[in-house]
Amino acid sequence: MMRLPKFDFHEPATLDEALQMMGEFGVRAKLIAGGTDLMVNMKHQLMSPEQVVSISRMDELKGLDTSNGMVRIGACFTVADLAESEEVGKKLGALRTGAKALGSPLIRNLATIGGNIGTARPAADLPPSLMAYGAKVVLKKRSGERAVSLNNFFKGPGLTELQPDEILTEIQIPTPPPHAGAGYINLGIRMAQDCNLVNVASFIAMDGPDGVITSARIVMGCVGPIHLRAPSAEKCLIGEKPSESLFAKAGDAATGDCTPIDDFRGAAAYKKAMTGVLTKRTLGIAHKEAVS
């Protein structure tokens, strides 16, 4: 039986108190919300923080606000709540799809949106759609806060822009404009486990229901050290009218934008090919939503 290493557990009552602790503890501390990643990593001796600071009971980190052209989601909003939220589904359908795809019901009940982002796993379900929607994360410390685009947040597997004295408190997503849509698909090796082989999210905005594509973002997971944008695929969409052949062309371009490796989950060539397939399919979903 695997045992947890020894650590001091703290459960501050307020965010200010938690920020003070992280400022004092620095690299010796890890935050815990749902614990679905941290506890596993600690049991496997991959992490052994001296201090564990829980933010799981802070109501100020559990909000959902969709006013003023922005969707703001607290870092401790659970994945289950994301999956069940009609409001999220109406404005950010691809994010809700990603939440429904994440793990088992038990994991979704515990896991948080902030945790799924903060662990920086290239196979995570929520970052692709969040990046496709143009999301930012708010990073707060005692002396102030900053907003960082998710495009610049991930630095490598398990590595992020978050500093030891900072807490990821909120995710901010611009409400998509009219005639915009997004799609998300994950390809896994078994159901109800967070073992994605490839996952892709695509977003397009059009200048009218029968118009051309004015902006596009395609985000690929599991095919690089971090979630990757597909710049050449995005470029071939801009200024064009949506069509199945255009989306197939973008899918082919996306295969050149990813850098998968062979591992126990699958061969690099297969992952590359499936990235193209999922890009085409998610663009189809995005287009359907944009014109509905």
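The values are calculated or read from the model by the stated rules, or taken from the named source; none is laboratory data. Here the structure is a predicted model, which is why all the values come from computation and not from measurement. Every residue, glycine among them, receives a Cβ derived from its backbone with ideal geometry; neighbour counts consider all protein chains shown.
Among the candidates Cys236, Cys222, Cys195, the residue that is surrounded by 16 or more Cβ atoms within 10 Å (Cβ to Cβ) and at pLDDT below 95 is uniquely Cys222.
Look through Ala248, Ala253 and report the one residue that is aliphatic (A, V, I, L, M) and within 23 Å of the chain's Cα centre (by Cα). When all the criteria are applied, what remains is Ala253. For region 111-163, a residue qualifies if it is in contact with a helix residue (DSSP H, G or I) (Cβ under 9 Å, 6 or more places away or on another chain) and free of Cβ contacts under 8 Å to residues at least 12 places away in the same chain, and exactly one does: Ser143. Against the condition within 21 Å of Gly158 (Cβ to Cβ) and touching a residue at least 40 places away in the same chain (Cβ under 8 Å), how does Gln20 come out, does it pass? Here the answer is no, as Gln20 does not meet what is asked. Identify, please: which residue in region 61-88 is touching a residue at least 60 places away in the same chain (Cβ under 8 Å) and in contact with a helix residue (DSSP H, G or I) (Cβ under 9 Å, 6 or more places away or on another chain) and is, among those, surrounded by the fewest Cβ atoms within 10 Å (Cβ to Cβ)? Out of the qualifying residues, it is Thr66. In region 243-271, of all residues being in contact with a strand residue (DSSP E or B) (Cβ under 6 Å, 6 or more places away or on another chain) and either free of Cβ contacts under 8 Å to residues at least 24 places away in the same chain or not in a helix (DSSP H, G or I) (or both), the one that is farthest from Pro122 (Cα to Cα) corresponds to Gly266.
Report yes if some residue within region 29-43 is outside the structural domain of Asp165 (by TED's automatic domain parsing), among the hydroxyl-bearing types (Ser, Thr, Tyr), in a loop (DSSP other than H, G, I, E, B) and modelled with pLDDT under 90; otherwise report no.
Looking only at region 29-43, we keep the residues that are outside the structural domain of Asp165 (by TED's automatic domain parsing), and these are 29-43.
Restricting the remaining residues to those that are among the hydroxyl-bearing types (Ser, Thr, Tyr) gives 36.
So of that shortlist, the ones also in a loop (DSSP other than H, G, I, E, B) come out as 36.
Now drop any that are not modelled with pLDDT under 90, which leaves 36.
Checked region 29-43: at least one residue is outside the structural domain of Asp165 (by TED's automatic domain parsing), among the hydroxyl-bearing types (Ser, Thr, Tyr), in a loop (DSSP other than H, G, I, E, B) and modelled with pLDDT under 90.
For Pro209, indicate whether it is surrounded by fewer than 20 Cβ atoms within 10 Å (Cβ to Cβ) and free of Cβ contacts under 8 Å to residues at least 40 places away in the same chain. If you could, list the steps in order and put the result at the bottom.
Values: surrounded by fewer than 20 Cβ atoms within 10 Å (Cβ to Cβ): yes; free of Cβ contacts under 8 Å to residues at least 40 places away in the same chain: no.
The answer is no for Pro209.
Within region 16-28, how many residues are surrounded by 16 or more Cβ atoms within 10 Å (Cβ to Cβ) and either modelled with pLDDT under 85 or aliphatic (A, V, I, L, M) (or both)? Looking only at that region, the number is 4.
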